[in-house]
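Attaching a single structure in structure tokens format; questions to follow.
Nothing in this text is a laboratory measurement; each read-out follows from the coordinates by a stated rule. Nothing here was measured: the structure is a model prediction, and the numbers come from that model. No Cβ is skipped: glycine too gets one built from the backbone with ideal geometry, and neighbour counts run over all protein chains shown.
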Amino acid sequence: MTQDQPTGIQLSDDRGERVLHGLGQLTYNHFDENLTDFQVQAILDYFIKTLGPPVYNQAIVDARTFLAGKLEDLEAEFYEQESE
């Protein structure tokens, strides 16, 4: 599953296989469609291409915000007043 994606986002082989299996099960269980491996792979590629970058970018923003908050807490918690 480490195929080159247009976005540069790649899934590990194990994760990719689990996602493909889950997607195939989803389409069968909820839509009564038994898709081929090729069809499921095409859907996964589409989702990675269209959803991968915005989800990844949002995760980066969220992590940056979280870390900035922790750094502010660190300064407030441990900053020592310097004598003049």
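Can you tell me which residue is surrounded by the fewest Cβ atoms within 10 Å (Cβ to Cβ) among those in segment 44-80 that are assigned to a helix (DSSP H, G or I) and aromatic (Phe, Trp, Tyr)?
Applying the filter and picking the extreme gives PHE78.
I've got another one for you. If you check every pair at least six apart or on different chains, which have Cβ atoms under 7 Å apart with a residue in segment 56-84 that is under 24 Å from LEU11 (Cβ atoms) first and a residue that is of a type in the set (A, V, I, L, M, F, W, C) second?
TYR56/ILE9
Same structure again: I'd like to verify a number: residues in segment 30-41 that are surrounded by fewer than 12 Cβ atoms within 10 Å (Cβ to Cβ) and either in contact (Cβ under 8 Å) with a residue 24 or more places away in the chain or assigned to a helix (DSSP H, G or I) (or both), how many?
So the answer is 4.
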